[in-house]
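Every number here is computed from the coordinates shown, using simple stated rules; none is lab data. Treat the numbers as computed from the prediction; the structure is a model and nothing was measured. Methodologically, a virtual Cβ is constructed for each residue, glycine included, from the backbone with ideal geometry; neighbour enumeration extends over all protein chains shown.
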Amino acid sequence: MSFQFRTCALDQPLLLSPSLQDWLPENHLARFIADVCEHLDLAAIYAAYGRKDGRGQKGYHPLLLLRLLLYGYCTGIVSSRAIERETYEDVAFRYLAGDQHPDHDTIAAYRQQHLQPLAGLFTQALRLCQGAGLVKLGHVALDGTKIQANASKHKAMSYGRMNPTEQRLQAEVDELLKQAQATDAAEDEKYGKGQRGDELPEELARRESRLAKIRAAKADLEAEAKREAEQQKTEAEAKIAQRRQQEEKTGKKARGRDPQVPDPEKAEVDEKAQRNFTDPESRIMPDGAHKGSFVQGYNVQIVVDSEAQIIVACDTIDESNDKQQLAPMLAQVEENLGVKPEAASADSGYWSESQVSDERLKGIELHVATGKQKHGEASPVVVEAPTQGEGLSPLEAMKQKLKSEAGRAIYKMRKAIVEPVFGQIKEWRGFRRFSVRGKSKVRAEWKLICMTHNLLKLFRSGRSWQAVQELRATV
């Protein structure tokens, strides 16, 4: 019996050189990323390459490395070592690298050096989505989530522990210095002054380094406590002024006591306040996904458009709550796209009278929950929302608005607009931990994550190929 098979010899020579264009189907994500990268404005990245005299060894092209990074973030592969490996093992990565294989040090150095310009590409990609008709700004929704920092929470120390640890380390340093001085004196007598043998012990250097970190962390916590006291003082004085105005208007004394005004110079640090020695700008925060647990990380923010779940604004903060983020995040939407959204919704974590009254939000129909509602509990419906000038406080006006049919119809869409985006980033793409340290770098990496989310939405929309051709006009 004979069989007819095609040859499968691994050492079969190719008669013609292979073409990279034959490696992937026409509608592959890697081809889309390559097309987008060709048209992005990379002037800020090219500006970092100073030498133009042609001397020195040729480096990898910035465009090649950008393609690898963007495709890696799109597919959940962010490790530089993993990207290097994929240029050998994965056809799409090999295609984007032009059959070249930059090592992981080169990829990591490129990301570190150009992280801020890479973050700046977020707006260009967002404008592309806008040009493709994926952004309408009829209704946007805000939300935040915690992403783990590139640091362990076990490397943190509370302010209460810093004081005794500082004293113990200082005593140990003093003792080691005495021993070092005694050793120096003995060796000077034995070998002669100025001869080798007088180096500081490694143990002493290690303790001094840790002592310096603890003192820096203490100073940072004390400065933060003073800043918080100053902010509380400003808020308390504003509330007192508001009470006086209300008293003058009504002719009656306001109910309750005036808020206490703290003295920033006497601010005390909470004994439980912590600093992490690996990433001092990260914070211990409640992990919303696991009740009762905590994460060493950052609070990332997004504003999502209802049309196609495009992220129209993003940021990273080191505060665990969202109370001061409503106005800045919605103002960023206008900065990015030149237009304000018509309506915006957010959960109760964003409620703040000062935020909803912010001048930057004029013209936006806000729907911000004022308190948590039990699961399955129905809210009473008001036929019409209150009109301006009815004498209601911002809190009461918002409560009435969310009880109206129109208000409920808008607010109930919030979860469906913004929460799936975090699920897509965390679950589908597996991004749960930053690969860089420090608030500015973490903020830049989060913008890169949001940018690639938008590119994926654009790719899957079916309008991506035509939009890429029009990129030059929209960026």
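A few points about this structure:
- Computed from label points 7 Å out along Cα-Cβ, the spacing between residue 278 and residue 335 is 3.1 nm.
- Estimated at 0.36 nm per residue, the fully extended path between residue 109 and residue 428 surpasses their Cα-Cα distance by 112.2 nm.
- Ranked 411, 60, criterion: other C-beta atoms within 10 Å, fewest first: 60, 411
- Cross-link pairs exceeding 24 Å in C-alpha to C-alpha distance, out of 362/439; 233/253; 362/403; 372/403, comprise 362/439.
- Length gained on full extension, residue 22 to residue 287: 90.8 nm, using 0.36 nm per residue less the C-alpha separation.
- FRET efficiency, 1/(1 + (r/R0)^6) with R0 22 Å, evaluated for residue 318 and residue 152 via beta carbons: 0.85
- Here the spin labels are modelled as points 7 Å beyond Cα on the Cα-Cβ line, and at residue 57 and residue 348 they lie 6.1 nm apart.
- Theoretical gain in end-to-end length, residue 82 to residue 136 [0.36 nm per residue, Cα-Cα removed]: 15.7 nm
- Shape class for the range 46-124: oblate, because the ratio a/c of the largest to smallest gyration tensor axis (alpha-carbon atoms, square roots of eigenvalues) is 1.5 or more and b/c is at least a/b.
- Label-zone membership for the range 102-135, site residue 435, 7 angstrom Cα→C-beta point, backbone N under 16 Å: 102-119
- R0 of 60 Å, Cβ-Cβ distance residue 461-residue 263: FRET efficiency to nearest 0.05: 0.60
- Spin-label model, residue 3 to residue 416: label points 7 Å out along the Cα-to-beta-carbon direction sit 5.4 nm apart.
- For the residue pairs 239/415; 340/412; 146/401, the C-alpha atoms sit more than 28 angstrom apart in 239/415; 146/401.
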